[in-house]
Amino acid sequence: MEKFSYDNKIVKYFMLASMIFGIIGMLVGLLAALQLYWPVFNLDLSYTTFGRIRPLHTNAVIFAFVGNAMFAGVYYSLQRLLKTRLFNDTLSWIHFWGWQIIILSAAISLPMGYTTGKEYAELEWPIDIAIALIWVVFGINLIGTIIKRRERHMYVAIWFYIATFVTVAVLHIVNSFGMPVSFMKSYSWYGGVQDALVQWWYGHNAVAFFLTTPFLGIMYYYLPKAANRPVYSYKLSIIHFWSLIFIYIWAGPHHLLYTSLPDWAQSLGAAFSIMLIAPSWGGMLNGLLTLRGAWDRVREDPVLKFMVVAVTAYGMATLEGPLLSLKNVNAIAHYTDWIVGHVHIGGLGWNGFLIFGMIYWLVPKMWGTKLYSPKLANTHFWIGTLGIIVYALPLYVAGMVQSLMWKEFTAEGTLAYLNFLDTVDAIKPMYLTRAIGGALYFSGIFIMVYNLMKTMGAGVFITNENDEAPALDKKVVSGGSWHRVLESKPALFTALTLVAILIGGIMELVPTFLIKSNVPTIEAVKPYTPLEVHGRDIYIREGCVNCHSQMIRPFRSETSRYGEYSKAGEFVYDHPFLWGSKRTGPDLHREGVINSSASWHYEHMWEPTLPSPGSIMPKYQWLFSNNIDVSITPTKIAALRTVGVPYEEGFEDVAIEVLNKQAQQIADELKQGGYEVEKEAEIIALIAYLKRLGTDITQNK
């Protein structure tokens, strides 16, 4: 027997970081929810507008709260499943502090407007590089620990940990390719339709392999431990794992149904999304059936309560997701608050509740004591559950109201609600109710923190937990099932996992890039002018894509409201694409055709309620005093040429002159409307971009 100790200290630090960032991330989310009902909560500051703090909220919750909890759960369970200490203590701490520095960098840069504009991948290129490096550190520690194990076979949880490491690395690296312009500014290497496909291949699978697979591994370890029961079915876990990781990677295009993405890619995404029901529900049932014979304990044990609701929420979300990939359902739900409700069933229910259950189980173990108050934990459970219900149900109602109002026609064949703000007014009560639900859920966190602090105070932290186990017999063992043999060969297992996740990505991405007919060009579509490039960058910086789409789908209701439907060739020079995923405000792809008045845009950005009474959009008054950095214009033009925008050689030499000429024209137009503004002001550039949107093919006609 060999004696060794488990490292609990690194688990403790990741767990505490998760709780701290969970409070911060949810507080920011609550502020964002309040802003949709009371725009005054935007505080008239550039750093606190909805467009800037919404990505701060998502990144804080996903990568800080959930990410830190994931690492805590993985590092605790990994050591015990493999009967060994983590591979290298130094790597563990590099991982911890590196991840916290990344989170801090995100918390500073996103409110400052440093963003790529790509959902769940907003962080700029220096931070992306740091994420890749720290992820490699995590991977070395993970694989190194598996190699030095004292258990021959790898338990099911470890399969999911391996898939998480491999797939997130591939997703992050491929999606993050960009062309740097300056220290905190870059352009996506991909453009238009191709960028959209890569982004949602990443975006959907970030949910799959950062928010799902590691937590399935956590479920497979902590749920049986808490219930003191074996996993229901080993065979079902094998089917669950391999089918899930193979199928999941194909499903990304279901976020782009009815868009300009090629039909074959949309159909593949929808088909594989429907297939996902089987493995997802197989995993859910494997978790719930593990509790057979233990349901009496569920009524009493708050840890099991949290875990049961978490697994149930996983089942609900993974049924609803495939249903939303059906085109007839997607036509109703997409761009509405229905999607926000769907996402938060997974986030608050699956991830949040599983984390709470895990932490309630972990703290007494690591401090060598009992939970201070199961009654308080039960109170947290019921407040949290009520919070999820009060949060999500109004959003489902809001989504239906939005869709029905957007699509309704009068008997005369005209849109019944031509003014987009009619819909906004109708769903404002739902936004308030959603904020109340979020506040309930958020309040439960403080009950948990108090309960855990009292628990820690009653015990003594076990920094190094001693154990012993026989050394791993290096002799190759034959016999047993094929999967048992595979579990004893971690290198081969990891390689097969990589192959399984690469197949879908290659089959979807490669044809879209290599076959020209997938993205037909339109001769009339020209690159943006230098001033419009600056305006587009301001649009991205202010997070306008969080509330406005730029994708008119081929529906009668949308073409009647916004104009001709969007075509793939119109986006070839868009780095990044800005199709959006939510319409809190109207679509803007034909804004330059619908509304070409510079004065209207000027008023709208200064005080949105002047031209649009009832608007919940924040004011952007700093755009009138801030000036664009004209000196960086040649660098931007050169960078865009590098990623494929066909600016003529030497155009950067005259770009500033061209910019000034167009800026003066818009300043003169505003002067005629009674507004004096310097031609270098950011508002001039933004107006230039908005006036350009959708005009290329219209002017060609």
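Values in this text are rule-based calculations from the coordinates and carry no lab data. Everything numeric in this text was worked out from a predicted model, so none of it was measured. Cβ coordinates were reconstructed from backbone atoms using ideal geometry, including for glycine residues, and neighbour counts include every protein chain displayed.
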Cα-based convex hull volume of the chain per residue, rounded to whole Å³: 158 Å³
Rounded if a/c under 1.5, otherwise prolate or oblate - the stretch 160-241, Cα gyration tensor axes: prolate
Order of Ile127, Ile462 under a 10 Å beta carbon neighbour criterion, fewest first: Ile462, Ile127
Under 15 Å, Cβ to Cβ, from Leu386 - net charge with Lys/Arg +1 and Asp/Glu -1: +2
Dimensionless Rg/Rh of the stretch 517-592 - Kirkwood Rh, Rg from C-alpha atoms: 0.96
Sorted by Cβ density within 10 Å, fewest first, the residues Glu669, Glu649: Glu649, Glu669
Cα centroid of the stretch 601-619 to Cα centroid of the stretch 267-310, whole Å: 46 Å
Taking the chain and dividing mean pair separation by its residue count, relative contact order in percent (alpha carbons under 8 Å, at least six apart): 17 percent
Percentage, to the nearest whole number, of Cα pairs in the stretch 1-154 over 28 Å apart: 31 percent
Cα-based Rg and Dmax for the stretch 78-173, where Dmax is the largest Cα-Cα distance (Å): 15.6, 50
Relative exposure of Arg541, Arg556, judged by other C-beta atoms within 10 Å (fewest first): Arg556, Arg541
Cα-based shape type of the stretch 530-700, given that a ≥ b ≥ c are square roots of the gyration tensor eigenvalues and the cut on a/c is 1.5: oblate
With Cα atoms, 0 to 90° folded angle of helix 125-147 axis to the chain main axis: 20 degrees
Helix-derived mean residue ellipticity, 222 nm - over the chain, DSSP H n ≥ 4, -39500 (n - 2.57), to 500: -20000 deg cm²/dmol
Cα centroid of the stretch 641-671 to Cα centroid of the stretch 3-35, whole Å: 47 Å
Signed unit charges on C-beta, dipole axis of the chain, positive-most listed residue Ile134, Ser566, Tyr675: Ile134
At most 13 other Cβ within 10 Å, DSSP loop - trypsin sites (Lys or Arg not before Pro), the stretch 206-307: Arg292
Cβ-defined net charge surrounding Val654, 12 Å radius [Lys, Arg +1; Asp, Glu -1]: -4
Burial order of peptide ranges 625-632, 652-659 (average beta-carbon count within 10 Å, highest first): 652-659, 625-632
Cα centroid separation, the stretch 189-210 to the stretch 59-98 (Å): 26 Å
Translational diffusion of the stretch 296-472, µm² s⁻¹ [Kirkwood Rh, Cα pairs; Stokes-Einstein; 10 °C; 1.306 mPa s]: 85 µm²/s
Mean Cβ count within 10 Å, highest first, over the residues of peptides 429-436, 308-315: 308-315, 429-436
Antiparallel bridge percentage (DSSP; both residues within the chain; nearest 5): 90 percent
Anisotropy class of the stretch 138-191 from Cα gyration tensor, a/c 1.5 cut: prolate
Per-peptide average of other Cβ atoms within 10 Å, ordering 504-515, 324-335, 543-554 highest first: 543-554, 324-335, 504-515
